[in-house]
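Notes follow the structure.
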Amino acid sequence: MTDPTVTGPAVTDPTVEAGTEVAPLERTIGLRDMIAYAGATWDWHRLHYDHEYLQERGLPAPVVDGQVFGALLVEQLQDWLGPRAVVRRLHFRFKNLVFAGDTVRCVGRVTAVDGDTIRVEQRILIVDGDEPERVAVEPAGAEVVLRHPEQRDPEQCDPEGTEAP
Amino acid sequence: MSLLTEEIRALVGKEVSYTAPEELGRASIRYFARAVGDDNPLYTDDAYARRHGYDGVIAPPTLVCETNQYADVPPDPDGYAGHDWHIEIPGTRKVRGGNTYTFHRPVRPGDVVTATWRLTGIAERRTSGGQEMLVVSSAAEYTDQQGRLLVTNEETIIFVALKEER
């Protein structure tokens with residue numbers, strides 16, 4: 001795996017400014033992924049896997065847990081900005097249900113840069129083949145702080161006071 | 001007819017707290033990252049995390065907000081075994097509105113998390129299509145075993161009146 005400190009755009013590329021596009025993140029969410037996420041989050045709601053339950057409610061397929069989109073929005077920012085980036089705030093609103101097998105694309109844009117703080121707006125689209133794009137999540141956005149490489153959170157210092165080599 | 005009954009209105013201000021019976025743990029961090037498909041080594045590689053200013057691996061930020069892992073309540077008929085205000089409004093459909101997370105400090109595998117939920121408000125609204133709806137707002141605070149604030153989570157759940165059958 002490549003070290004994001006070497007490849008992360010925020011470290012090598014100074015053009016993170018208002019208007020800069022955030023590198024998109026695309027993911028196809030299959031039933032297997034949904035089962036894994038349900039297990040990882042102790043969420044056994046039948047909406048996420050039980051076809052009979054879904055049929056009774058007129059839903060065409062298992063419904064993707066909305067909270068996974070929070071995780072994807074963080075991943076999009078972290079992948080783009082590298083390990084220096086700390087997401088401080090994240091907000092998102094659900095627009096449309098996403099179903100098993102859908103492909104989603106997280107997109108975003110920098111709205112402001114203030115010192116080490118970057119503000120972005122994000123959206124998640126459902127992009128399935130020839131179908132027109134639908135919005136899954138909107139509005140969404142985050143506030144990200146870029147830490148200096150040697151900087152540690154004061155509260156988070158090693159109790160032994162050992163320095164990282 | 002109003003969706004907002006006295007019984008529901010009385011829930012505003014209600015608070016409930018869940019404490020995990022053990023540390024968050026490395027396995028649940030690794031499992032969550034794997035389930036999401038996030039291969040960020042900050043979540044799995046101690047040496048890498050230390051090089052980037054942490055004391056070791058950290059949890060993916062939104063994992064901490066998944067209250068079910070601390071709640072330890074029996075599953076309901078929908079299979080759901082987690083925090084819920086148990087608001088039932090006949091003739092409505094319950095949908096998620098959205099969330100706002102504020103991440104105050106990194107969460108480590110050794111943290112024992114307490115989630116404290118508070119029902120902060122209930123508002124009657126109408127959809128753009130004219131359907132009645134009830135917007136229920138809640139706020140959760142996640143703290144560690146020393147009482148330090150890790151994350152806050154503001155959440156809205158919406159009950160939308162179903163269209164009447166004609």
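Throughout, read-outs are computed from the coordinates displayed, never taken from laboratory work. These figures come from a predicted structure and were not determined experimentally. Reconstructed Cβ throughout: ideal geometry from the backbone, glycine too, with neighbour counts over all protein chains shown.
Taking the listed residues B:Gly129, B:Gly98, the one that is crowded, with 18+ Cβ neighbours inside 10 Å, of a type in the set (Gly, Ala, Ser) and closer than 24 Å to A:Ile124 by Cβ is B:Gly98, with no other qualifying. Scanning region B:17-54 for residues that are in a helix (DSSP H, G or I), touching a residue at least 40 places away in the same chain (Cβ under 8 Å) and within 19 Å of the chain's Cα centre (by Cα) gives B:Ser28, B:Ile29.
Within region B:101-116, none of the residues are within 7 Å of chain A (Cβ to nearest Cβ), over 30 Å from A:Gln76 (Cα atoms) and of a type outside the set (Lys, Arg). Applying the condition of being among the acidic types (Asp, Glu) and part of a helix (DSSP H, G or I) to region A:63-81 and asking which residue is surrounded by the most Cβ atoms within 10 Å (Cβ to Cβ) yields A:Glu75. Does B:Thr19 qualify as being touching a helix residue (DSSP H, G or I) at 6+ places or on another chain (Cβ under 8 Å) and under 23 Å from B:Lys94 (Cα atoms)? Against the criterion (touching a helix residue (DSSP H, G or I) at 6+ places or on another chain (Cβ under 8 Å) and under 23 Å from B:Lys94 (Cα atoms)), B:Thr19 does not qualify. Against the numbered list (1) more than 10 Å from chain A (Cβ to nearest Cβ); (2) over 30 Å from B:Arg126 (Cα atoms); (3) in contact (Cβ under 8 Å) with a residue 24 or more places away in the chain; (4) within 18 Å of the chain's Cα centre (by Cα), B:Tyr70 comes up short only at (1). Can you find, within region B:21-35, the residue that is surrounded by the most Cβ atoms within 10 Å (Cβ to Cβ) among those that are within 11 Å of chain A (Cβ to nearest Cβ) and within 27 Å of B:Trp85 (Cβ to Cβ)? Here the residue is B:Phe32. The requirement of being closer than 28 Å to B:Arg26 by Cβ, part of a loop (DSSP other than H, G, I, E, B) and at the interface with chain A (Cβ under 9 Å from one of its Cβ atoms) is satisfied by B:Gly82. Being of a type outside the set (A, V, I, L, M) and touching a helix residue (DSSP H, G or I) at 6+ places or on another chain (Cβ under 7 Å) is true for just one of B:Arg105, B:Arg148. Which residue is that? The unique qualifying residue is B:Arg105. Under the condition of being more than 7 Å from chain B (Cβ to nearest Cβ) and not in a helix (DSSP H, G or I), which residue from region A:27-49 is surrounded by the fewest Cβ atoms within 10 Å (Cβ to Cβ)? Filtering region A:27-49 for residues that are more than 7 Å from chain B (Cβ to nearest Cβ) and not in a helix (DSSP H, G or I), the one surrounded by the fewest Cβ atoms within 10 Å (Cβ to Cβ) comes out as A:Thr28.
Within the group A:Ala23, A:Ala61, which residue is touching a strand residue (DSSP E or B) at 6+ places or on another chain (Cβ under 8 Å), under 19 Å from A:Leu125 (Cα atoms), in contact (Cβ under 8 Å) with a residue 12 or more places away in the chain and more than 10 Å from every other protein chain (Cβ to nearest Cβ)? Of the residues listed, the single one that is touching a strand residue (DSSP E or B) at 6+ places or on another chain (Cβ under 8 Å), under 19 Å from A:Leu125 (Cα atoms), in contact (Cβ under 8 Å) with a residue 12 or more places away in the chain and more than 10 Å from every other protein chain (Cβ to nearest Cβ) is A:Ala61. Tally the residues that are in contact with a Leu (Cβ under 9 Å, 6 or more places away or on another chain) and in a strand (DSSP E or B), restricting the search to region B:112-156. Summing the residues that are in contact with a Leu (Cβ under 9 Å, 6 or more places away or on another chain) and in a strand (DSSP E or B) in region B:112-156 gives 15.
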